[in-house]
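J.: Submitted below is the structure of interest, expressed as structure tokens.
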Amino acid sequence: MRSKILGTGIYLPERVMTNLDLEKMVETNDQWIYERTGIRARRICNPDGGEFPTDMAERAAWQALEAAKLEPNDIDMIIFASVTPDYKLPNSASVLQQKLGMTNKCTAFDIATACSGFVYGVNMANSFIQTGMAKNVLVVGSEMLSREVNWTDRSICILFGDGCGCAIVGQSVEGEGSEILATHLGADGSGKEFFDQPVGGAVTPIEEHHLKEGTHYMRMKGGEMFKVATRTLADNAKVCLEKAGLSLEDIDWVVPHQANIRIIETTAKLLKLPMEKMIVNIENYGNTSAATVPIAFHEAIVDGRIKRGDIVLFDAFGAGLTFGATLLRY
Ligand code: UT7
């Protein structure tokens, strides 16, 4: 049994924060941010409610269900990728199951592989479907990074935004053409210090002094991440193509993790692919971690760029360091 993407959906918070807004908050400017990252704006969740990660996921999931022509109870597994879940307990997938009014008690679990989260989820869904353990898997990437960003640190606060994207992965009918062709996942813990948030877990619970110092927020060694990112995205693509017996020329579209336009450009150069084949929306949303790939994928389907039958590569890396790719015929 093979699998394919049946439908997709997204939700983006209403509030737009532009680079000009950031100029009023930290010592930065629109020109620096746009030239060094490609970002002009990002969306920010309403902290007073209604736009938390499972709220965004519910809205995105209804869209995906409609596109897939399915009812909530047709979903027999929910995989929720996020490093900013609503709660520590319960898991977000269970909260989403309830918000969608599902009564089938399906499998529901979270994964925290940061920016690779959605790709991890899709590849896991593919394996569950291949082995007959699931039929229709809802894979979500939903993040409220605005909660974990130090808004006084210009090196990090300009990069991130909030949002959600999801896809339903289901069974592919023999001979139909649409299918996941190859998957690749991995991690390299030797780079775990390049992007982390060590305070707030079991080892170091948040104390008053952390709140004063701001040491409970995410930390990133941007330069190190940049170097690893370009190498990893190019390697991911090559591994997936080799597994599928395809070559770079066969790719119609790459949907890369949106961390920095320069990372995407360097990846395209390393793979000798024209930038026209890279789906890019970082200008509008910044880096939404696990949500970047499904948001960009959905937008390109809706605006008619990605069509059924196209060869598409999801390509991601993130904190951990985790990485992964999915090669599919949409
Ligand atoms: O999702 C996965 C995780 N994210 C990533 O993988 C991100 C990867 N890294 C990056 O995207 C880039 O490394 C950054 C965008 C984070 C930084 O860009 P950079 O070109 O590596 O800049 P830099 O950190 O080397 O800083 C260059 C200069 C510095 O000034 P000096 O020391 O040259 O005088 C910084 O202080 O730019 C300064 N700078 C800023 N200036 C204005 C740093 N941040 C800002 C800012 N506004 N926001």
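J.: Which order, highest average first, do 6-16, 216-226 follow once you tally other Cβ atoms within 10 Å for each residue and take the mean per peptide?
T.: Highest mean packing first, the order is 6-16, 216-226.
J.: Within the chain, which whole H helices from DSSP have a Cα span along their axis of at least 18 Å and a mean Kyte-Doolittle hydropathy of 0.5 or more, if any?
T.: What comes out of the filter, once short or polar helices are dropped, is 117-130.
J.: Per residue, how much accessible area does segment 179-329 show when a 1.4 Å probe rolls over the protein heavy atoms, in square angstrom?
T.: Value returned for segment 179-329: 44 Å² of accessible area per residue.
J.: At 1.4 Å probe size, with the rest of the protein present, what percent of the exposed accessible area of the chain is carbon and sulfur atoms?
T.: 51 percent
J.: What is the ratio of the Cα radius of gyration of segment 2-172 to 2.2 N^0.38 Å, with N the residue count, to two decimals?
T.: Here the Cα radius of gyration is 1.11 times the empirical estimate.
J.: Placing +1 at every Lys and Arg Cβ and -1 at every Asp and Glu Cβ, with all other atoms neutral, what dipole size does segment 2-172 have around its Cα centre, in debye to the nearest 20?
T.: The calculated dipole for segment 2-172 is roughly 500 debye.
J.: Okay, moving on. On a 1.4 Å probe surface of the protein chains, which of H209, H257, H184 comes out largest in accessible area, and what is the full order?
T.: H209, H184, H257
J.: If you build the Cα gyration tensor of segment 1-102 and take the root of 5 times each eigenvalue, what three semi-axes come out, in whole angstrom, biggest first?
T.: 33, 17, 12
J.: Give the long-range amide H neighbours of S172: residues separated by 5 or more places, or on another chain, with amide H under 5 Å away, using H modelled in the peptide plane at 1.01 Å from N.
T.: R2, S3, K4
J.: Go through K99/K212; K88/K192; K4/K192; K272/K307; K4/K69; K243/K272 and tell me which ones have a Cα-Cα distance over 25 Å in this structure.
T.: Distance filter (> 25 Å) returns K99/K212; K4/K192.
J.: Something else now. Among P53, F109, M144, whose Cα projects farthest towards the positive end of the dipole of the chain, with charges put on the beta-carbon of Lys, Arg (+1) and Asp, Glu (-1)?
T.: Positive-end residue among those listed: F109.
J.: Within the chain, what percent of beta bridges assigned by DSSP are antiparallel, to the nearest 5?
T.: 70 percent
J.: Oh, and also: Over segment 51-110, with the other protein chains present, what is the accessible area per residue in square angstrom, probe 1.4 angstrom?
T.: Result: 48 Å² per residue.
J.: While we're on this one: Report, in debye and to the nearest 20, how large the dipole of the chain comes out about its Cα centre when Lys and Arg carry +1 and Asp and Glu carry -1 on their Cβ.
T.: Dipole size: approximately 500 debye.
J.: Separate question: Using only the Cα atoms of the chain, what are the Rg and Dmax in Å?
T.: 18.8, 61
The values are calculated or read from the model by the stated rules, or taken from the named source; none is laboratory data. Predicted model only: the values in this text are computed from it and were never measured. We place every Cβ from the backbone using ideal geometry, glycine too, and count neighbours over all the protein chains shown. With ligands, DNA and RNA removed, areas are computed over all heavy atoms of the protein, side chains included. Shrake-Rupley method; radii C 1.70, N 1.55, O 1.52, S 1.80 Å.
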